[in-house]
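Undergrad: Submitted below is the structure of interest, expressed as structure tokens.
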Amino acid sequence: MKRFFLASYRLRIIFRGVFLLLSMATLGLALSLLQQEKQLSYNNYQANFNKTISQITATLRHPAGQLALLNPPAEQEGASLHPLLLPFSALDFDDQSKVQQAIAMSGCLVQYGNDGSLCVGIGNNPWAGGFIYVAGSFNSAALVSHPHGQVVRDEAHRIRVSVTLRGQEYQWLAPFEEERSSKANAGIRGRWVGFVESEVNKSNARPVRDFRGWAWQKALCNDVEKDGKDLNCDRNTFFSLRLPIAVLQEALFEKKRPVWPPQDLDQIHVELAVLAPESQIPLLDSKAMPTATPFSLNDLSALLLPGESLSIKKSSEKKEFIKLLGKVEQEEESWNVLTRLIRRLPVDEYDTPLESKELISTPLDNYEVLLKGDVRSVSKTLSVVATRVSWFVGAMLLALLLAWLLIEISIIRRITLLTKRAASLSKTMKGAGELDQLDVSDLRSADELGVLASGLHDLLRRVKEDVEREAIRTEQEKQMWHAVGHEIMSPLQSLMVLHQAPEDQSHRYISRMQQAIKVLYGSATPSEAFQSTILQLEEMDITQFLQHVADNAPHAGIDNVEFKGDFSNVIVKADEYSLEDVVTHVLKNANRYRPEGTPITLTLEADETSATIHIGNRGPHIAADMLDKIFEYGVSDQVDSGANGNRGQGLFVAQTYMAKMGGTISVRNIGSAINPADSGVEFLLSLPRRI
């Protein structure tokens, strides 16, 4: 009793220690995951930081980014336009493709809905002249041309543009004059002829010489369905203007080194309106509210993560002209204990300030871009997540405690009793009659352990009955084989005396019967008897043997057996009687399935190391899934095979004897299964030759 008490106490210590280790492992797993998550978060933050600075520098090195650098954000009044300093020395306003490419790359276009766009700018080279460039697009019907040399009226498309700077205002009215093109379906191309608006109605009004403008209208309609059907359908028109500003041109020659761009660039206001013939309603009006504006440095704040700061300054001034901060979203509350714990978790290179400085070159100056990161945001973000996860960790620990209590009270105690009784039985049991010693009546109940105890009791009872029945059956089989062997051996001895002559064919079959009886005599089962047989291998001429088997096959009830082979002196090592049993079993199977009147052929193939016997017959194929199973003991396709004398052991005996003689036996289907006349089965028996 003392020994059982100590064993039960030791088991409980182990059980409780396991639950304690599970609780510690849960806490350790949580801490390990927090540390790994902190490391991963820090690595991800570093990768995002490097990605952010790469994206910012790539954006600023693009013409659109240089446009933003050259034109720092400024407060705009209403929807008025002011020129932008372009990252180009000038615009080739006479070439449509070059102008379109330049303004598309720089991103200076201001969108006005889906119908128009405008780009207003000046070149970065002061010696290109004091010009303001205007380019854009609008939709209208086919452009109507102004008759050359006549007074400007409202019968043509026209552009009204004005520039206000330094207390002066320049106003032009530019009607469209078409230029004829020799190319078919080339669209409409023409000039904008600029007049001073205050002098446009005078008969002697002349165009402004330095005012230049072009328009290119597509031949295709914007609506594909109206193309070729409606001559007044809307088409897209792209235009470019060069506006001469006398104030800027004069300022270039006042000093040896002119100030460029003008310091009051953001105070220059440009207004433009495109008017249709006989209409004062603009097709494109710069006073309208734009739907999309050019890229600005303020747009870079969307790329910044919380806590990051971006500052940009000119190399020549060493003064920041813009500083952006990452947007900090309102975070959920977290436990201070978890925040302190996360900050103490060791992570490589943590709390090290992240900074990256890049230099951006522009035609006018170099700009220093400095991006600073804030890794403390990793701990803040992770602490919020850890606060939510901590509830699950606490729930797991509580579940472990409840599971331990339930198992301790309702299961461990009963398992200890069952184990103690089973151990006592295993030490005292010596036979099947002692299985009833395990008494589990007090452990039976409706739960799983009770069902297990009841099932164990019933199982032991059935095992006891099965063991007793098996012992009786084994003894009966053994006695039966002893009786059969004893009763058959005596007549066989008498027959052996009557047929002593070697030339008597009955002598051979009686000897085989005696060998079969000796193999089975005294064994519990036939399969065990065949597998434990020891064969006497001798050298024999396989050609002579096969010829003898073919000649004597009719005595065994197998007619029309043909041996085909011209080999001589093919010597193999085998047991003659066992090999004859093997061939006879295969011939009986072939005789059962061959069509009546068809032969069974025996052929011999030999090489330097082995001799192979081919036994073939016409007949149905063997199913593919049965090619390997037919050599197993008890496998037969005959219904009630045992009652008809077919125990399914013939091919099993053949495979066993061939293996004991160092050979192999296999079977294959030959011919076509579609044509039964050409189909058949062939067994291959391979034996090693004498070396």
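Each value in this text was obtained by applying a stated rule to the coordinates, not by laboratory testing. Given the structure is predicted, the values throughout are model-derived calculations rather than measurements. Don't worry about glycine lacking a Cβ; one is built from the backbone with ideal geometry, like all the others, and counts go over all protein chains shown.
Undergrad: How long are the semi-axes of the equivalent ellipsoid of segment 165-286, defined as square roots of 5 times the Cα gyration tensor eigenvalues? Whole Å, largest first.
TA: For segment 165-286, the semi-axes come out at 34, 17, 15 Å.
Undergrad: Given an 8 Å cut-off on Cα distances and at least 6 residues of separation, report the relative contact order of segment 525-688 as a percent.
TA: That works out to 24 percent.
Undergrad: Another question about this same structure. Over 30 Å between C-alpha atoms is what I'm after, so list which of Lys51/Lys313; Lys98/Lys229; Lys420/Lys464 land there.
TA: Those over the limit are Lys98/Lys229.
Undergrad: Apply the a/c threshold of 1.5 to the C-alpha gyration tensor of segment 525-688 and tell me whether it is rounded, prolate or oblate. Spell out each step's value before the answer.
TA: Values: a/c = 1.58, a/b = 1.12, b/c = 1.41.
In terms of gyration-tensor shape, oblate.
Undergrad: Ser315 versus Thr291, label points 7 Å from Cα toward the beta carbon: distance in nm?
TA: Distance between the two pseudo-spin positions: 4.1 nm.
Undergrad: Further, regarding this structure: Among His585, His148, rank each residue by its count of other Cβ atoms within 10 Å, from fewest to most, as a rough exposure measure.
TA: Going from least to most buried by this count: His148, His585.
Undergrad: Follow-up. Determine, at each q value in 0.15, 0.17 (inverse angstroms), the log₁₀ of I(q)/I(0) that the Debye formula gives when each Cα of segment 74-295 is one equal point scatterer.
TA: Calculated log10 I(q)/I(0) at the listed q: -1.01, -1.29.
Undergrad: So, one more: Rounded to the nearest 0.05, what FRET efficiency do Lys218 and Leu27 give with R0 = 45 Å and r taken as the Cβ-Cβ distance? Could you check?
TA: Given R0 = 45 Å and the Cβ-Cβ separation, E is 0.05.
Undergrad: Here is a follow-up. So how compact is segment 112-174: Cα radius of gyration and Dmax in angstrom?
TA: 15.1, 39
Undergrad: If you don't mind, there's one more thing I want to ask. Could you give the length gained by full extension between Asn114 and Gln171, i.e. 0.36 nm per residue of separation minus their alpha carbon distance, to one decimal place?
TA: Length gained between Asn114 and Gln171: 17.8 nm.
Undergrad: Starting at 0 and stepping by 5 Å, how many percent of the alpha carbon pairs of segment 244-322 end up in each bin?
TA: Calculated P(r), rounded to whole percents: 3, 9, 11, 13, 13, 15, 15, 10, 7, 4, 1, 0.
Undergrad: OK, next. Calculate one ³J(HN,Hα) per residue across segment 270-281 by plugging θ = phi - 60° into the Karplus curve 6.51 cos²θ - 1.76 cosθ + 1.60, and present them in order as whole Hz with x for glycine and proline.
TA: These are the phi-based 3J(HN,Hα) values: 10, 10, 9, 9, 9, 10, 7, x, 6, 8, 9, 8 Hz.
Undergrad: Another question about this same structure. Would you please name the GluC sites (Glu not before Pro) within segment 587-642 that are DSSP coil residues with at most 15 other C-beta atoms within 10 Å of their C-beta?
TA: Glu596, Glu608, Glu632
Undergrad: ³J(HN,Hα) across segment 282-295 via Karplus (A = 6.51, B = -1.76, C = 1.60, θ = phi - 60°), whole Hz, x for Gly/Pro?
TA: Result, ordered by residue: x, 6, 9, 10, 6, 6, 5, 6, x, 8, 8, 10, x, 4 Hz.
Undergrad: Under the Karplus relation 6.51 cos²θ - 1.76 cosθ + 1.60, θ = phi - 60°, what is the ordered set of whole-Hz ³J(HN,Hα) values for segment 87-92, x standing for Gly and Pro?
TA: Rounded to whole hertz, the list is x, 10, 5, 6, 10, 7.
Undergrad: Another question, if that's okay. Skipping prolines and chain starts, which residues have an amide H placed within reach, meaning under 5 Å, of the one on Glu155, given they are 5 or more residues away or on another chain?
TA: Glu278
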